[in-house]
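The values are calculated or read from the model by the stated rules, or taken from the named source; none is laboratory data. Just so we're clear, the structure is a prediction, and the values are computed from it rather than from any experiment. Counting neighbours? That spans all protein chains shown, and the Cβs are built from the backbone with ideal geometry, glycine included. Each accessible area value is taken on the protein alone, full model and side chains, heavy atoms only, with ligands, DNA and RNA left out. Shrake-Rupley method; radii C 1.70, N 1.55, O 1.52, S 1.80 Å.
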Amino acid sequence: MTLGAVLPRLSLGVAIAAGALWLALKGSQVDPALVENAMRAIGPWSFAVHVVLFALGTVFFVPGVLFALAGGVLFGPVWGTILNLAGATLGATAAFLAARYVTGDWVRRRAQGRLDRLIAGVEAEGWRFVAFVRLVPLVPFNLLNYALGLTRIPLVPYVVASLVCMTPGAIAYTWLGHAGREAAAGNVAAIRYGLLALGLLAAIAFLPGLLRRLRSGAKTPRWIAVHELAPGLDEAGGIAVVDVRGPDEFTGPLGHIREARNLPISELPERLRELAPLKGQRVVLVCHTDKRSAKAAATLSAAGFQDVRVLRGGMVRWTDAGLPVADRLGQHRA
């Protein structure tokens, strides 16, 4: 790589590092009152200045909450939210593009192992993963912007997902800043604004656990007990039983449920077409216990089967209950 190609990247990287270091060392010496007076002195241009400063702060790793609170103080809850979102989105986009085209190596060193998880998540889910990590801060916001620039997600889905999913936090912090200013001015009603903002922040804080519960709930199979399945087998066209064990187990010591079809779980993805006629029926999956059939249930549900059940306890519990099974020759035995 030539010096002409390396120099712009090196210069931007040095500028980002120098700016972040200066803000870390001197940021506490900035007088908020002086900042507010300066912003008001420039009149309508203060809107654009706030957006640009928010964007630059995002690029230089300044905590965005400082700008979000300032937006509420200076511009009120509505305009403050709009300007905060504009600044955060502009900064996130700039960091994304810088990582994609300039500072990729530095981001890789900084993100370390978390980057692999991010890339894998984006490869699997695309913009949905961007939305998830915006709502659930697995990686600090400023570093996340750079890290996502190293994935293959297109710019437009990244920007749209970021804008939409940063909105709840922007509203909460802006209103909190506005409420603090109003309360300091003696406005008792501002306490209500502050409580609303704190409530929204609390909801965002609890969102990761809620999403985990929803995700785990979506993976929980629907069960059927042996005493529920046995009577249903006598109903014509009512229940289709699919045994996902291997052929040796299907005809082995435990036998199999009469009229069950054998479709080993290792072959299930390639043979789903064989089960297509069963989409309108209740399908009960069976294995030795119920672990393999639970995995098979997730596969069938993803393929559009609406009524999929897993036999709890599998053939072990079925035979323990003394229910009839078929042997290798298809003959029934007690």
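Descriptive notes on the structure:
- Neighbourhood net charge (9 Å Cβ-Cβ; Lys/Arg +1, Asp/Glu -1) for residue 263: -1
- Accessible-area order (highest first, 1.4 angstrom probe) of the listed residues 223, 79: 79, 223
- Label point distance in nm, residue 167-residue 45, each placed 7 Å from Cα along Cα→Cβ: 3.2
- When the solvent-accessible area of the range 231-316 is split by element, carbon and sulfur atoms take up 52 percent of it, the probe being 1.4 Å.
- Solvent-accessible surface ranking, highest first, for 144, 323 at 1.4 angstrom: 323, 144
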